[in-house]
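K.L.:
Provided herewith is a single structure, encoded as structure tokens, for subsequent inquiry.
The values are calculated or read from the model by the stated rules, or taken from the named source; none is laboratory data. Here the structure is a predicted model, which is why all the values come from computation and not from measurement. Every residue, glycine among them, receives a Cβ derived from its backbone with ideal geometry; neighbour counts consider all protein chains shown. Just so you know, the surface numbers come from the protein's heavy atoms only, side chains and all, with ligands and any DNA or RNA stripped out. Shrake-Rupley method; radii C 1.70, N 1.55, O 1.52, S 1.80 Å.
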Amino acid sequence: MGAKQFGARVKRLEDPALLVGSGQYTDDIKLPGTLHAAFVRSPHAAATLRGIDVDAALALPGVRAVFTAKDLPPAMSKMRMPQLVPNAAMQTIRTQHCLVVDEICHVGQAVAVVLADSQYIAEDGVDRVQVDYDVRQAVNDVRDAVKPGSPLVHPDLGSNIVAASPMAYGDVDAAFANAKHVFTEHIWQHRGGGNALEARAILANYDLMNDMLTVWSATQVPHTTRRMIAELMGRNLDQIRVIAPDVGGGFGPKATMYCEDTVIAQIAMQLRRPIKWTEDRREHFLCATQERDQYWDVSIAVDDDGRIIGVRGHLLHDSGAYLPWGIIMPYIAATTMPGPYVIPAYRLDMTVVFTNKVPTTPVRGAGRPQAVFAMERLMDRVARELKLDPSEVRRRNFIQPEQMPYPVGLVFRDGKPLVYDSGDYPKCQEAALKLSRYQDFKPRQAEALEQGRYIGIGIANYVEGTGLGPFEGVTVRVLPNGKVRVITGATNQGQGTRTTLSQIVADAVGCSMEDIVMTLGDTAAIANGLGAFASRQAVNAGSSARIAGLEVRKQILRVAARSLGVPEEQIDLEDGWAISRSGNRQSISFGRLSFASQGMPGFSMEPGDSVGLEHTAFYMPPQAAYCSGTHVAEVEVDVGTGAVKVVNYVVAHDCGTVINPLIVDGQVQGGVAHGIGNALLEWMQYDENAQPITVTFADYLMPMATDVPDCVIEHVETPCPLNPIGAKGAGEGGTIPAAAAIIAAVENALSPFAVFFADTPLVPERIVSALTTANAYRRRHAQK
Amino acid sequence: MTVKQAIAVTVNGKQYQREVEPRLTLADFLRHEINLTGTHLGCEHGVCGACTILLNGLSTRSCLTFAVQAHGQEVTTIEGLAEPDGTLSPLQQAMAENHALQCGFCTPGMLITLTELLRDDPNPDDAKIRETLTGNLCRCTGYSGIVAAARQVAKGGRGIAGD
Ligand code: FES
Ligand code: FES
């Protein structure tokens, strides 16, 4: 089998439709008779619902119905959303109701929904729904929420604590007792959003004739969404079909189960009308899940050479009001912190706490950016205190390639011991330093300083558990017209899933990419699936595509050998043809072979034949595949305004075997942009009543074209030994260490003033206020 | 309910006559009245740029424009950028070649903004391309492919369709 497409810089199959505006996103799909939904949302962060008066709304011409919890089937209205990932450490698994029954725990919770002939009228109707609330005191800051006497997010639970548990190995206390040097940092990471450019959207239609409920949803996880809807509605799973059509970005929040999905589906059944809901941006800021709020108090113990003896500390995680994804973000954070370094003893105590804010769930990186930030800040601190170069401190502590597979000593979130499967951390750092001209940065910096310009450089390393299970399936089927149908539970929100899977199948089967027709994100096409999260699809679906494709190849060869009368070994499969290598190169098309593989009515098949040219594979990874990398950021800081410009950005990363460099480069570049947002711009703010105050793109700043440089990217490929294609995930590595590298670079740029930072986002006013309290800065300005 | 107004708007060279409420945005008119769903809504408050169209040749937020304001005017959307025979404009081709889109949601706005830029300044430098793009957010790509696509067309000096 020749690898023609695998590894090649193949242009995306997704693009032609999207470039002419003929993509089909959920809101683009039109069904006759559709009613439009708009939600009535709580303006309070903590309240008890007293009553709802919907009469004025119903009186509005064009409003067809208003639903509150009481109007849903009783069983459904009482149920809470499913808990996706329970964990023994959780003291509660509290999730929310579909529509508010009595408790309101964050601003924006859905209280009622208005159905009308148009979106405009539905929103008019929302304004006319009168809701009576008993307002309670809210708690906004997770540090307050853990204090005794804090207002309770869920009064019936008696405590705001979700979980308190350690993540540890080795004798960390002994390590610290004997250490020559101990340094401590107090770190805070902001809360932000995924902010896919397409917000959430749902269209549901009940087809009485087929007794089928179809739901189009801008989701990363159609199969999980179907399961949730089935559970809440008490309906047969296979009489619900969830389709993720074109989806305008995911980044994590679209892998969450939301009450709106089920409510809209239920109303479509009840009213026997198609129902559409399209979230607006303000709602997205209020109600789509967010991430990153964490406070870290961490210490590192090192010897005189800067070699790590131990790391310990405490992690305080703000889970918001509910736990749709359990406690996986702090869990992942705690297991990601050791990174590429040899750490003989480690203990991180984590406390997970409710606040009256929208729940936190994974956003691109999922706990890892925080962990890497904490670890890399400690490494920079060691370098500074011991007067070593930051790259040297890291080099001295790397796990070496010959130590692979390397058991860290913890259990990862996949339930398996945290064992790095492969990787070459020193090589990645070496490559990144070279590409960033790290060695001659000091003279460049000195020269810039003479011109009054403050430039700085920062390094960050990471190891990321990707490709998580349990499985993803792919069916490969040769159709009678010679096309090759590929079906997968994997989904596409921009990752180019269609393209990468086509590359793999085309090579395996021996057809052209143009002959592949693909169905993804449709629960009717494949019984089981997971979808997009944890940089898992290339690994899981990619492996299944290879396995299924090779199996179909065998089937093709078997039928072709019989049809052509030559042994299988003498047949080439190319561009959808089986071609005999001998004689006059007789050939037969895949389409004809597909016919032949069906047998003949009344005749027996040959022993060992398969029915049709078709195979379904469900690759189940034995554990996570650990990718890794080094980022080097170069910034220039305006000491007058505090503005930071990222002027150069280098990524040397190892995502195993690269299937399509064009797409991987795009994932890295886009991930870095997200990381720049996290480091310098994006900050979801709430006031002391837990009232969101950054609910537009004018208040919540996303990176623009002028904020993101073209990254210099190098792929250091150490194939993952655990899966048949050698791949590791590539979707999140661009984001994970970015804030760490950028903040280090800012600090480095401002080294003449000895100002230090341990928080993100590092917005201009924080730089200016740090500078104005720095003696060196004041002295310099006094001289001017 | 408000009285509807009759409007006639030329979109991608074709005239459409509809009766619309004065509050209907141009974006919703395009998307839902005449079913040109290639124009996207990412924020509906004028920042993200996904809804950008050309109104009489000038890039305009269709989420902040009422349909009635487009009465008697000419609108170009993403659906109107390729040649009538379906051949992609050089910019559209360059976008595919440079991986300038992932989810494609920002793409209509990016194409319109750059179509206008390259029409008015066939040879913009990177700084100008980036400055022009500050009115368009992309969450997926980190912009480099988009800038590269514009650069490629600028260098090619091929001019582009859609103006
Ligand atoms: S939708 Fe018009 S600017 Fe965002
Ligand atoms: S390609 Fe997804 S927002 Fe730009």
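K.L.:
So between A:Thr48 and A:Asp171, what do we pick up on full extension, going 0.36 nm a residue minus the alpha carbon distance? Could you put the intermediate results ahead of the total?
P.N.:
Working: separation 123, 0.36 × 123 = 44.28 nm, distance 4.79 nm.
Once the chain is fully extended between A:Thr48 and A:Asp171, it gains 39.5 nm.
K.L.:
Determine the order of A:Leu72, B:Leu55 by accessible area, beginning with the largest, at a probe radius of 1.4 Å.
P.N.:
Numbers: A:Leu72 5, B:Leu55 30 Å².
Sorted by accessible area, descending: B:Leu55, A:Leu72.
K.L.:
Continuing with the same structure: Can you list, largest first and rounded to whole Å, the semi-axes you get for region A:87-142 by taking the square root of 5 times each eigenvalue of its Cα gyration tensor? Can you show the working numbers first?
P.N.:
Values: eigenvalues 179, 47, 20 Å².
Taking √(5λ) for each eigenvalue gives 30, 15, 10 Å, largest first.
K.L.:
Hey, could you get me the Stokes-Einstein D for region A:469-619, Kirkwood radius over alpha-carbon pairs, 20 °C and 1.002 mPa s, rounded to whole µm² s⁻¹?
P.N.:
On the way: Rh = 15.7 Å.
Estimated diffusion coefficient is 137 µm²/s.
K.L.:
For the protein assembly as shown, with the dipole built from +1 on Lys and Arg beta-carbon atoms and -1 on Asp and Glu ones, taken about the Cα centre, which of A:Thr360, A:Leu388, A:Phe398 lies farthest toward the positive end?
P.N.:
Most positive-ward Cα: A:Phe398.
K.L.:
What net charge do the residues around A:Pro761 carry, taking every other residue with its C-beta under 14 Å from that of A:Pro761, with Lys and Arg at +1 and Asp and Glu at -1? Could the numbers behind the result be given before it?
P.N.:
Details: positive: A:Arg191, A:Arg292, A:Arg766; negative: A:Glu291, A:Asp293, A:Glu682, A:Asp699, A:Asp707, A:Asp759, A:Glu765.
Cβ neighbours under 14 Å give a net charge of -4.
K.L.:
Give me Rg over Rh for region A:662-710, both radii from the alpha carbons and Rh done the Kirkwood way, two decimal places. Numbers along the way, then the final one.
P.N.:
Values: Rg = 13.6 Å, Rh = 12.1 Å.
Result for region A:662-710 is an Rg/Rh of 1.12.
K.L.:
May I ask you to derive the FRET efficiency for A:His181 and A:Met620 from their Cβ-Cβ distance with R0 = 51 Å, giving the value to the nearest 0.05? Walk me through the numbers before you get to the answer.
P.N.:
Details: r = 45 Å, r/R0 = 0.88.
Step by step, r from the Cβ atoms, then E = 0.70.
K.L.:
Moving to a separate point now. Across chain B, how large is the tail of the calculated P(r) beyond 21 Å, expressed as a percent of all Cα pairs? If you can, show how the numbers build up before the last one.
P.N.:
Working: 5666 of 13203 pairs.
Result: 43 percent of Cα pairs exceed 21 Å.
K.L.:
So which aspartates and glutamates can A:Lys70 reach, going by Cα to Cα under 13 Å and dropping same-chain residues fewer than 8 places off?
P.N.:
A:Asp53, A:Asp102
K.L.:
Still on this structure, please answer the following. Computing the accessible area with a 1.4 Å probe over protein heavy atoms, can you report the carbon and sulfur percentage for the protein assembly as shown?
P.N.:
On the way: 16920 of 33210 Å².
Reported share for carbon and sulfur atoms: 51 percent.
K.L.:
Rounded, prolate or oblate: pick one for region A:495-541, where a ≥ b ≥ c are the square roots of the eigenvalues of its C-alpha gyration tensor, a/c under 1.5 means rounded, and failing that, prolate if a/b is larger than b/c, else oblate.
P.N.:
Working: a/c = 2.23, a/b = 1.45, b/c = 1.54.
Oblate, because a/c is 1.5 or more while a/b does not exceed b/c.
K.L.:
Next question. Pairs to check: A:Lys11/A:Lys254; A:Lys387/A:Lys427; A:Lys434/B:Lys155; A:Lys30/A:Lys276. Give those whose C-alpha atoms are more than 21 Å from each other in this structure.
P.N.:
Details: A:Lys11/A:Lys254 26 Å; A:Lys387/A:Lys427 24 Å; A:Lys434/B:Lys155 30 Å; A:Lys30/A:Lys276 9 Å.
Where the Cα-Cα span goes over 21 Å, the pairs concerned are A:Lys11/A:Lys254; A:Lys387/A:Lys427; A:Lys434/B:Lys155.
K.L.:
Counting pairs of alpha carbon atoms under 8 Å apart in space and at least six apart in sequence, what relative contact order in percent does chain A give? Write out the running numbers ahead of the final one.
P.N.:
Values: 1952 pairs, mean separation 118.8, N = 784.
This gives 15 percent for chain A.
K.L.:
So, one more: Just to be sure I understand: with springs between alpha-carbon atoms less than 10 Å apart, which residue in B:Ala96, B:Ala27, B:Ala67 has the highest mean-square fluctuation in the Gaussian network model of chain B?
P.N.:
B:Ala96
K.L.:
What is the distance in Å between the Cα centroid of region A:8-57 and that of region A:135-211?
P.N.:
Centre-to-centre (Cα) distance: 27 Å.
K.L.:
Per-residue mean of other chain beta-carbon atoms within 10 angstrom of the beta-carbon, peptide B:128-136? Please list the in-between numbers first.
P.N.:
Values: counts 0, 1, 6, 3, 2, 3, 4, 2, 3.
Other-chain Cβ atoms within 10 Å of each residue's Cβ, averaged: 3.
K.L.:
Lys and Arg at +1, Asp and Glu at -1: add these up for the other residues within a Cβ distance under 15 Å of A:Ala673 and post the number.
P.N.:
Details: positive: A:Arg364, A:Lys645, B:Arg130, B:Arg139; negative: A:Asp665, A:Glu682, A:Asp707, A:Asp710, A:Glu732.
Cβ neighbours under 15 Å give a net charge of -1.
K.L.:
Moving to a separate point now. Per residue of B:42-53, what is the mean number of Cβ atoms on other protein chains within 10 angstrom of that residue's Cβ? Please list the in-between numbers first.
P.N.:
Values: counts 10, 11, 5, 7, 3, 8, 6, 3, 3, 0, 0, 0.
Per residue, the average neighbour count from other chains is 5.
K.L.:
Please say if region B:74-163 is rounded, prolate or oblate, where rounded means a/c under 1.5 for a ≥ b ≥ c the square roots of the C-alpha gyration tensor eigenvalues, and otherwise the choice is prolate for a/b larger than b/c and oblate otherwise?
P.N.:
On the way: a/c = 1.39, a/b = 1.15, b/c = 1.21.
Rounded shape, in that the Cα axes give a/c under 1.5.
K.L.:
Right, something else. Sequence neighbours fewer than 8 away in the same chain don't count; with that in mind, list the aspartates and glutamates whose C-alpha is under 13 Å from A:Lys728.
P.N.:
A:Asp421, A:Glu464, A:Asp654, A:Glu717
K.L.:
Which whole number gives the average count of other chain Cβ atoms within 10 Å of the Cβ atoms across peptide A:110-120? Let's see the in-between values first.
P.N.:
Values: counts 0, 0, 0, 0, 0, 0, 0, 0, 4, 2, 7.
Neighbouring Cβ atoms belonging to other protein chains average 1 per residue here.
K.L.:
For every other residue with a beta carbon closer than 10 angstrom to the beta carbon of A:Ser512, add +1 if it is Lys or Arg and -1 if Asp or Glu, then tell me the sum. Please report the intermediate quantities before stating the final value.
P.N.:
Working: positive: A:Lys4; negative: A:Glu514, A:Asp515, A:Glu574, A:Asp575.
Once positives and negatives cancel, what remains is -3.
K.L.:
A follow-up question, please. Once you have the Cα-Cα distance between A:Arg143 and A:Asp440, take 0.36 nm times their residue separation minus that, and quote the gain in nm to one decimal.
P.N.:
Gain on stretching A:Arg143 to A:Asp440: 102.6 nm.
K.L.:
Using protein chains only and a probe of 1.4 angstrom, how many square angstrom of A:His314 are accessible, to the nearest 10?
P.N.:
We get 60 Å² for A:His314.
K.L.:
DSSP loop (so not H, G, I, E, B), at most 12 other Cβ within 10 Å: list which trypsin sites (Lys or Arg not before Pro) in region A:384-415 pass both filters. Numbers along the way, then the final one.
P.N.:
Details: sites: A:Arg384, A:Lys387, A:Arg394, A:Arg395, A:Arg396, A:Arg413; in loops: A:Lys387, A:Arg413.
Within region A:384-415, the qualifying trypsin sites (Lys or Arg not before Pro) (loop, at most 12 other Cβ atoms within 10 Å) are A:Lys387.
K.L.:
Right, something else. If one takes the accessible area of chain B alone plus chain A alone and subtracts that of the pair, with a 1.4 Å probe, what total in Å², rounded to the nearest 100, results?
P.N.:
Working: alone 8130 and 29170 Å², together 33210 Å².
For chain B against chain A, roughly 4100 Å² becomes buried.
K.L.:
For region B:5-80, what does the relative contact order come out to in percent, with C-alpha contacts under 8 Å and a separation of six or more? All intermediate terms of the calculation are to be shown ahead of the outcome.
P.N.:
Working: 151 pairs, mean separation 29.9, N = 76.
About 39 percent, as a whole number.
K.L.:
I've got another one for you. Roughly how many whole Å is it from the C-alpha centroid of region A:728-743 to that of region A:310-330?
P.N.:
For region A:728-743 versus region A:310-330, the Cα centre distance is 19 Å.
K.L.:
Something else about it: In what order, largest first, do A:Glu688, A:Glu283 sit by accessible area if the probe radius is 1.4 Å?
P.N.:
Working: A:Glu688 135, A:Glu283 20 Å².
Greatest to least solvent exposure: A:Glu688, A:Glu283.
K.L.:
Per residue, what volume in Å³ does the Cα convex hull of region A:213-263 take up? Numbers along the way, then the final one.
P.N.:
Values: hull volume 3.2 nm³, N = 51.
Normalising the Cα hull of region A:213-263 by residue number yields 63 Å³.
K.L.:
Determine ³J(HN,Hα), in whole Hz, for all residues of region A:134-144 in sequence, where each value follows from phi through the Karplus function 6.51 cos²θ - 1.76 cosθ + 1.60 and θ = phi - 60°; x replaces Gly and Pro.
P.N.:
Going residue by residue, I get 9, 7, 9, 7, 9, 10, 9, 9, 4, 6, 6 Hz, with x marking Gly and Pro.
K.L.:
Once ligands and nucleic acids are excluded and a 1.4 Å probe is used, how much of A:Asp707 is accessible, expressed in Å² to the nearest 10?
P.N.:
Surface accessible to solvent at A:Asp707 totals approximately 40 Å².
K.L.:
If you don't mind, there's one more thing I want to ask. Ignoring ligands, DNA and RNA, what accessible area per residue does region B:5-80 give at 1.4 Å, in Å²? Intermediate values should be presented prior to the final figure.
P.N.:
Values: 2920 Å² over 76 residues.
Counting only protein heavy atoms, the per-residue value for region B:5-80 is 38 Å².
K.L.:
In addition: Enter the accessible area of A:Ile767 (Å², nearest 10), with the probe set to 1.4 Å and all protein chains included.
P.N.:
For A:Ile767, solvent-accessible area is about 0 Å².
K.L.:
Based on alpha-carbon centroids, what's the gap between region A:617-648 and region B:73-144 in Å, whole number please?
P.N.:
So the separation of the two Cα centres works out to 27 Å.
K.L.:
Mean separation of Cα pairs under 8 Å and 6+ residues apart, divided by the residue count of region B:90-156: what relative contact order is that in percent? Don't skip to the end; give the middle numbers.
P.N.:
On the way: 70 pairs, mean separation 35.5, N = 67.
Here the relative contact order equals 53 percent.
K.L.:
Moving on to the next point. Could you work out how far apart the two model spin labels at A:Gln270 and A:Ala776 are, taking each label as a point 7 Å from the Cα in the direction of the beta carbon, and quote it in nm?
P.N.:
Result for the modelled spin labels: 6.5 nm.
K.L.:
Could you give me the radius of gyration and the Dmax of the protein assembly as shown, taking only the C-alpha atoms into account and expressing both in angstrom?
P.N.:
Using the Cα atoms of the protein assembly as shown, the pair Rg, Dmax is 28.3, 100 Å.
K.L.:
Given the options B:Leu88, B:Leu111, B:Leu137, which has the most mean-square fluctuation in a GNM of chain B, springs set between C-alpha atoms less than 10 angstrom apart?
P.N.:
Of B:Leu88, B:Leu111, B:Leu137, the most mobile in the Gaussian network model is B:Leu88.
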